[in-house]
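Since the structure comes first, as structure tokens, the remarks are kept for the end.
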Amino acid sequence: MKTVACVIQDGFAPFEFGVACEAFGLDRTDDGVPNFDFRIVAPRPGVVQSKIGFSINVEHDLSFAYEADLVVFCPIPRDHWGKIDPLLLELARDAVTRGAWVLTVCSGSFILAAAGVLDGRRATTHWMYADTMASMYPQIDVDPDVLFVQDGRIITSAGTAAGLDACLHLLRQELGAEVTNRIARRMVVPPQRDGGQAQYIDRPIPVVESDSLAGVADWAVEHLRDDLTVDLLAAKALMSPRTFARRFKAEHGATPAAWLARQRIIHAQRMLERTGLGLDQIAEECGFGSAAVLRQNFARVLGTTPTSYRARFSCAEEEVPAA
């Protein structure tokens, strides 16, 4: 991925637009991150008004987007959902047809929905708009509970900050976990948030108890190779297993088992990039137990094999043994 087009129009949301600029538009070569040819485009170049009163001058029309490796669609105002610019619909269809990456932030997914490219696919949008999307486009499998959804080379994300999660998810596939972690550190955000937007629907401002489970989670990350059962973690937290499981999901947005599986995948990714250890040893270190279980988890979560991942992203100087 070398070229990125960020598509905006009148009524664009500044934060979500800024997410795309932050993820793909900044020069981070001093951190060893490759630059993208990033351009802001609009159906009609010139002055484009934001939703909160200021405007920007966009120099590029959609021509660049028709050749870009990634097309990012920023959110569109609600009063545009039923009458989306035909130029954007045409662009969305072309990008999907030619196999480019396509990423939407928040209500930008309504552009893809109207273009018909989400028919028969799973997708998401902000939880406040999920029912509307499902009603307008019943042929789409709308999931209101997740931060983002990847279906093939289409990534749709939930509201606001979830767009950043989606961007980092895509960067991880293109650049690897190690480089993406550098980008996340510069942004001062976690490289991978667990859970989904369901954790925000009923409790928009979560109450953090004085007996937070953050310490137990930190301990678990340091002991991933161990058999970390709910009973063991609950004992560490001085709670019953049932209370611990309920509190953990409320605080972290995922069950202990799902959270641990994700942490083990992330650790395995970094070991594949940084070391020349064999798959059995990496599996042991990460708590998967065997190379076979490691492969199963990579296929399920990342859609690839550990060997293919290493071949693409390894930065280890030592010789990598055969898998």
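The values are calculated or read from the model by the stated rules, or taken from the named source; none is laboratory data. All figures in this text were calculated on a predicted structure; none of them were measured in a lab. We place every Cβ from the backbone using ideal geometry, glycine too, and count neighbours over all the protein chains shown. In case anyone asks, the SASA skips ligands and DNA or RNA and just uses the protein heavy atoms, side chains included. Shrake-Rupley method; radii C 1.70, N 1.55, O 1.52, S 1.80 Å.
The table for this structure:
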{"item": "Any hit, the stretch 104-120, residues being in a helix (DSSP H, G or I) and surrounded by fewer than 15 Cβ atoms within 10 Å (Cβ to Cβ)", "result": "no"}
{"item": "Residue match in the stretch 2-10 (condition: over 25 Å from H126 (Cα atoms) and either modelled with pLDDT under 95 or open to solvent by less than 60 Å² (accessible area, probe 1.4 Å) (or both))", "result": "yes"}
{"item": "Within the stretch 68-81, tally of residues that are surrounded by fewer than 21 Cβ atoms within 10 Å (Cβ to Cβ) and in contact with a strand residue (DSSP E or B) (Cβ under 7 Å, 6 or more places away or on another chain)", "result": "1"}
{"item": "Meets criteria (buried (at least 20 other Cβ atoms within 10 Å of the Cβ) and of a type outside the set (S, T, Y)) for I84", "result": "no"}
{"item": "Given (1) within 25 Å of D165 (Cβ to Cβ); (2) open to solvent by less than 40 Å² (accessible area, probe 1.4 Å); (3) of a type in the set (F, W, Y), number of the condition F38 does not satisfy", "result": "(2)"}
{"item": "Residues of the stretch 280-319 satisfying the condition of being under 13 Å from R264 (Cα atoms), aliphatic (A, V, I, L, M) and in a loop (DSSP other than H, G, I, E, B)", "result": "L302"}
{"item": "The stretch 10-55 - residue that is in contact with a strand residue (DSSP E or B) (Cβ under 6 Å, 6 or more places away or on another chain) and of a type in the set (A, V, I, L, M) and, of those, farthest from G159 (Cα to Cα)", "result": "V47"}
{"item": "Close pairs from the stretch 2-14: first over 15 Å from D61 (Cβ atoms) and without any contact (Cβ under 8 Å) to a residue 60 or more places away in the chain, partner of a type in the set (S, T, Y) and outside any loop (DSSP other than H, G, I, E, B), Cβ under 8 Å, at least 6 apart", "result": "P14/S50"}
{"item": "Lone qualifier among E16, E22 - being in contact with a helix residue (DSSP H, G or I) (Cβ under 7 Å, 6 or more places away or on another chain), open to solvent by less than 50 Å² (accessible area, probe 1.4 Å) and acidic (D, E)", "result": "E16"}
{"item": "Pairs with Cβ under 9 Å, 6+ apart, first in the stretch 284-303 and modelled with pLDDT under 95 and open to solvent by 30 Å² or more (accessible area, probe 1.4 Å), second of a type in the set (V, I, T) and part of a loop (DSSP other than H, G, I, E, B)", "result": "R295/T305; A299/T305"}
{"item": "Filter result for the condition that a residue is out of contact with any Asp or Glu (no Cβ under 6 Å at 6 or more places or on another chain), under 23 Å from T180 (Cα atoms) and either not β-branched (V, I, T) or not in a helix (DSSP H, G or I) (or both), over A250, A245, A261, A254", "result": "A261"}
